[in-house]
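Accompanying notes for the structure given below.
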Amino acid sequence: MKNRVITRVAPSPTGLMHIGTARVALFNHLFTKQNDGKIILRIEDTDRERSKPEFEKNIKDGFSWLGLAFDEVWKQSERTEIYTQYLQKLLAEDLAYISQEEVKKEGDRPSVIRFRNPGQKITFQDLIHGEITFDTTELGDFVIAKDLETPIFHFANVVDDLEAGTTHIIRGDDHISNTPRQILIFKALGGPIPTYAHLPMILAPDKTKLSKRHGAWPVTEYRDEGYLKEAVLNFIVLLGWSPQSRAEIAQDGTEDIVSLDQMLKLFDLAKVQKKGAVFNLEKLNWLNREHLKRLSSTERWQKITDWLPPTKADFMKTNELMLQKITPLILERVSTLKEAQALLANGEFDYFFHQPKPSQELLRTTTHLTEIASRLSELAAEDFTAETIKNKIWDFATEKGRGEVLWPLRVALSGKEKSPDPFVLAAILGRAETLNRIKNALS
Ligand code: GLU
């Protein structure tokens, strides 16, 4: 029988969770789910000075926002006794030794625990990079702990993978160079060596090191900027992988838009690319617009409601129906929900909620408004759609000059120089309010 797949995501809580950690987590999740395995979140907080509870919280918040759940959560600072036992075992077997260090400056530790490096060539098969060989001689007898209670990263990392029975280590390829050292420790502890898959670096569009200025924010910031988690997951999955059978995805003719379900079906760890993956915020913005479009109308309206600007939330909530109707118009103009919030805060859509007072100057002429009102009043309230409205006045507008007819109508309804076309406006406002606004503009 094959062993059950066991994976882990092992962030160090030394900073806010970045996109690279989210990608490691997503790829681990997809692979684990596909294999009906178990996934562990392991907080690697052996670096006591740099690890902070608020970063651990941020990492957990980020995962829960993305909907990435774990079967178990381990925390290295709670596992000291276990590392001590393993250190004692290595010391007893003379596979490690306490070495007296030359004290370079006052306060330095006089001794550390070093691994007795047998100095071999280590070869491993990486699922993404293929065969990798390192000569470990030059590593010398490397340090594995400061003392019996203070293991360093490599040691705690290996002990935990051994204890967890990790079968697959999926992580960033900045850890390739750590792997030989870790394999040496696995061997000394007599444990099976997991299968490795090192994910490609994430690069800035100009192939330089990725930074905040390229839009590579902490994951929770995408949430706070009003991105959908579906879009962020989609964006992340494309950092190093792309759907092979695009036709399957492109049911609606749009490549690259993948839902979590589709990822689960199509993701293939072995097909992850070796070369660096390019981060492009424009692509995320595009994906966010696409995923917003794919929400049901109720979900979209709900999102807009969640993001109402505090100054306007109360009165807009008293007119939920209007908010529901204008949701498509708002989303048409933005990439993120925060941008939608800003438009609402700026009063961009206030005219749907309050009757405007257009100036004569902006209206230019009101000559044809009486005729329009009379034509529109022939429509029943329940037939008041953009299409029927257009049909009622289009010929008249064509005859009299569209600008002459439609501009004042639009301004009468919106009070603004720029707004959606008057048919859409009138349909949203409804028969009574439309006629009311025309009357108001005429007076
Ligand atoms: N704690 C390491 C990091 O944050 C991860 C090590 C691993 O996945 O083996 O990069």
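The values are calculated or read from the model by the stated rules, or taken from the named source; none is laboratory data. The structure displayed is predicted, hence computed values, not measured ones. All Cβ positions, glycine included, derive from the backbone under ideal geometry; neighbour counts span all protein chains shown. Keep in mind that these areas ignore ligands, DNA and RNA; they rest on the heavy atoms of the full protein, side chains included. Shrake-Rupley method; radii C 1.70, N 1.55, O 1.52, S 1.80 Å.
For the subset of the range 1-13 comprising residues that are of a type outside the set (S, T, N, Q) and more than 12 Å from the ligand (Cβ to nearest atom), which member is farthest from Leu260 (Cα to Cα)? Of everything passing the filter in the range 1-13, Met1 is farthest from Leu260 (Cα to Cα).
When Thr150, Thr195 are screened for being more than 26 Å from Glu93 (Cβ to Cβ), away from the ligand (no atom under 11 Å from the Cβ) and of a type in the set (Ser, Thr, Tyr), only Thr195 passes. Taking the listed residues Leu41, Leu16, Leu95, Leu91, the one that is within 14 Å of the ligand (Cβ to nearest atom) and open to solvent by 20 Å² or more (accessible area, probe 1.4 Å) is Leu16, with no other qualifying.
Out of Thr46, Thr32, one residue alone is of a type in the set (Ser, Thr, Tyr) and in a loop (DSSP other than H, G, I, E, B). It is Thr46. Looking only at the range 152-168, residues that are open to solvent by 10 Å² or more (accessible area, probe 1.4 Å), in contact with a strand residue (DSSP E or B) (Cβ under 8 Å, 6 or more places away or on another chain), over 12 Å from Glu72 (Cβ atoms) and among the hydrophobic types (A, V, I, L, M, F, W, C) come to 1 in all.
When Lys274 is tested against (1) part of a helix (DSSP H, G or I); (2) surrounded by fewer than 17 Cβ atoms within 10 Å (Cβ to Cβ), exactly one condition is not met: (1).
Here's the yes/no breakdown for (1) in contact with a His (Cβ under 6 Å, 6 or more places away or on another chain); (2) more than 8 Å from the ligand (Cβ to nearest atom); (3) of a type in the set (Asp, Glu):
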residue	(1), (2), (3)
Phe155	no, yes, no
Val158	no, yes, no
Leu162	no, yes, no
Thr166	no, yes, no
Arg171	no, no, no
Gln182	yes, no, no
Ile185	no, yes, no
Ala188	no, yes, no
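Would the range 184-206 turn up any residue that is modelled with pLDDT of 95 or more, of a type in the set (Lys, Arg), more than 24 Å from Phe115 (Cβ to Cβ) and surrounded by fewer than 20 Cβ atoms within 10 Å (Cβ to Cβ)? Looking through the range 184-206, none of the residues is modelled with pLDDT of 95 or more, of a type in the set (Lys, Arg), more than 24 Å from Phe115 (Cβ to Cβ) and surrounded by fewer than 20 Cβ atoms within 10 Å (Cβ to Cβ). Please specify each residue of the range 110-142 satisfying the condition of being touching a residue at least 40 places away in the same chain (Cβ under 8 Å) and hydrophobic (A, V, I, L, M, F, W, C). The answer is Phe115, Ile122, Phe124, Leu127, Ile128, Ile132, Phe134, Leu139. Per the listing Leu337, Leu292, Leu260, Leu239, the residue uniquely modelled with pLDDT of 95 or more and over 30 Å from Phe353 (Cβ atoms) is Leu239.
For the range 51-68, the set of residues classified as part of a loop (DSSP other than H, G, I, E, B) and more than 11 Å from the ligand (Cβ to nearest atom) consists of Lys52, Gly67, Leu68, listed by residue number. Cβ separations smaller than 7 Å between residues 6+ apart or across chains give the following pairs from the range 40-56 residues that are more than 21 Å from Tyr83 (Cα to Cα) to residues that are among the polar types (S, T, N, Q): Phe55/Thr14.
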